[in-house]
1. Of Phe52, Phe86, Phe20, which is the most mobile in a GNM of the chain whose springs link Cα atoms less than 10 angstrom apart?
2. What whole number of Å gives the distance from the Cα centroid of the range 15-31 to the Cα centroid of the range 63-78?
3. Could you work out the relative contact order of the chain? I mean the mean sequence separation of Cα pairs under 8 Å and 6+ apart, divided by the number of residues, in percent.
4. Each residue of the range 59-68 in turn: what ³J(HN,Hα) in whole Hz from Karplus with 6.51, -1.76, 1.60 and θ = phi - 60°, glycine and Pro shown as x?
5. What is the spin-label model distance, in nm, from Arg140 to Asp75 if the labels are put 7 Å beyond Cα along the C-beta direction?
6. Given N residues in the range 70-190, what is Rg(Cα) / (2.2 N^0.38 Å)?
7. Where a Cα-Cα gap under 14 Å defines reach, which aspartates and glutamates qualify for Lys109, not counting those fewer than 8 residues away within the same chain?
8. Under a straight-distance cross-link criterion of Cα-Cα below 22 Å, which lysines are reachable from Lys154, leaving out those fewer than 8 residues away in the same chain?
Amino acid sequence: LPLVSLNGYVNKDSGFFGMFAIPKTVPEEKMKRLLELMDYGASDEGSDLASFGIKGTHYTEENGVKTVTEQAKKDIVAQQALGQVFIKYDKYLRAYRSGMPNDMLERNKKIIDEREKVSVPDPSTGLYSETNVTAGTELRKKIQDTKTKVILGKVPMSDWDDYVNKLKSDPDMLKITEEINASYAKRQEG
């Protein structure tokens, strides 16, 4: 089994890191220009520019391994800056960091390949609930707050059990569950 598993379960990445939204109030022509920019950022050229800067100025590349230069550090070129906005899909993205030795990169790629063989996708990815959009954030905050209080010992474990039982009849939680189940059923239909 891969290095990270829980009772034999290995989580599969969703294949996306978030999303961007363009308000309906943005004029169509401007929206098209924004989408062109996002498409460029997802290309090899745009993604490399955002994450590593200009080849020969901000990084060198040997055998596919990019090494940052001092100029990149001065110009604050980093995967953690624009590379978080403009990035192409690469299944080995988490395997690599600038300046990493090639043997470590290859080891990390093998780990990813092994995990891929046994990983299971999250079946909830892509399911939609309108109630979750409007009430889910507050519910998740209350759930996390209760967990934190129990973990820190500020309240007894029985408070968690009581809260879980309360959630079972919470109207928003019931509606979210109903809508998520309907979304899942619709996806299964095809």
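Only the coordinates and a few stated rules stand behind these numbers; no lab work does. What you see is a predicted model; the values in this text were computed from it and never measured. Don't worry about glycine lacking a Cβ; one is built from the backbone with ideal geometry, like all the others, and counts go over all protein chains shown.
1. Greatest mean-square fluctuation among the candidates belongs to Phe20.
2. The range 63-78 and the range 15-31 have Cα centres spaced 30 Å from each other.
3. Numbers: 163 pairs, mean separation 41.2, N = 190.
Once divided by the residue count of the chain, the mean separation gives 22 percent.
4. For the range 59-68, the Karplus-derived couplings read 7, 10, 9, 9, 6, x, 9, 8, 10, 6 Hz, x marking Gly and Pro.
5. 3.6 nm
6. Numbers: Rg = 21.5 Å, N = 121, 2.2 N^0.38 = 13.6 Å.
The reported ratio for this selection is 1.58.
7. Reachable aspartates and glutamates: Asp90.
8. Straight-distance partners of Lys154: Lys141, Lys142, Lys166.
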